[in-house]
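*Asks:* Quick one: this structure, given as structure tokens, is what I'll be asking you about.
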Amino acid sequence: MRLARVHRARLVVVTAVVGLMAGMVAALSTAQANEESAECRLRHVKVYPGDEMPPSWRYGEVDFQVTVCPDEDASEWGTQAIAITNKTGSAVGYLLESADLKVVASGENKRTRNASYSGSFVVRDCLPYVEWPCARTFKIEVGFALTADKKDGQVRLVYGGAINSTVPSAMTVYRTP
């Protein structure tokens, strides 16, 4: 009988320890899930200047990058802009340069943080392959906003108004699908 009590006592202790460990694992996984949702995420917004008429050649790519951190003030999210001319652009003499990305406005409410951006870059019309001399320069501006959910960290992209540019009428700017 005394042996049975010892076994029951051990069983109760083991059950309590297992229950405590399971609770800790559940608490850790919940904390980890919340931590993961609050992680910073790199978002790309890409535009491609190119021909408006078929075959719709693209002359390169401009990549506007924002590091979205749902736990940080949206005005502090890191930005970078990169313009790359492809072989087609070089072959026809259109060079993509001077990419820039600026925060226009930022804010937050109970659920989200958000920031609006103005991205810009220059397309130079130059002698093909030689890339000099250049006859004209065209400036293109692109607007967009990013919204981050504070709870789950989900990020949404919202395009702004029309693309402002001084490019010739036969050229257009394609956005990331």
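Listed here are the residues, each with its yes/no results for (1) over 28 Å from E39 (Cβ atoms); (2) of a type in the set (S, T, N, Q).
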residue: E72; (1), (2): no, no
residue: S90; (1), (2): yes, yes
residue: Y94; (1), (2): yes, no
residue: D100; (1), (2): no, no
residue: V104; (1), (2): no, no
residue: R136; (1), (2): yes, no
residue: D149; (1), (2): no, no
residue: M171; (1), (2): yes, no
residue: Y174; (1), (2): yes, no
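*Asks:* Within region 154-173, can you find the residues that are modelled with pLDDT under 90, of a type outside the set (A, V, I, L, M) and in a loop (DSSP other than H, G, I, E, B)?
*Replies:* If the condition is that a residue be modelled with pLDDT under 90, of a type outside the set (A, V, I, L, M) and in a loop (DSSP other than H, G, I, E, B), then G160, G161, T166, P168, S169 are the ones that fit.
*Asks:* Which condition does A115 not pass, out of (1) buried (at least 19 other Cβ atoms within 10 Å of the Cβ); (2) closer than 22 Å to D51 by Cα; (3) modelled with pLDDT of 95 or more, if it passes all the others?
*Replies:* (2)
For (1) free of Cβ contacts under 8 Å to residues at least 40 places away in the same chain; (2) of a type in the set (F, W, Y); (3) under 16 Å from F64 (Cβ atoms), each residue gets a yes or a no:
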{"residue": "S75", "(1), (2), (3)": "no, no, no"}
{"residue": "T88", "(1), (2), (3)": "yes, no, no"}
{"residue": "L95", "(1), (2), (3)": "yes, no, no"}
{"residue": "R111", "(1), (2), (3)": "no, no, no"}
{"residue": "S116", "(1), (2), (3)": "no, no, yes"}
{"residue": "D152", "(1), (2), (3)": "no, no, no"}
{"residue": "R156", "(1), (2), (3)": "yes, no, yes"}
{"residue": "T172", "(1), (2), (3)": "no, no, no"}
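*Asks:* So, D71, is that one acidic (D, E), touching a residue at least 60 places away in the same chain (Cβ under 8 Å), open to solvent by 30 Å² or more (accessible area, probe 1.4 Å) and touching a Lys or Arg at 6+ places or on another chain (Cβ under 8 Å) or not?
*Replies:* yes
*Asks:* For region 121-177, which positions are over 26 Å from R111 (Cα atoms), open to solvent by less than 70 Å² (accessible area, probe 1.4 Å) and β-branched (V, I, T)?
*Replies:* Answer for region 121-177, where residues must be over 26 Å from R111 (Cα atoms), open to solvent by less than 70 Å² (accessible area, probe 1.4 Å) and β-branched (V, I, T): V122, V123, I140, V142, I163, V167, T172, V173, T176.
The values are calculated or read from the model by the stated rules, or taken from the named source; none is laboratory data. Small disclaimer: the values here were computed from a predicted structure and weren't measured. Cβ atoms come from the backbone with ideal geometry, glycine included; neighbour counts cover every protein chain shown. Each accessible area value is taken on the protein alone, full model and side chains, heavy atoms only, with ligands, DNA and RNA left out. Shrake-Rupley method; radii C 1.70, N 1.55, O 1.52, S 1.80 Å.
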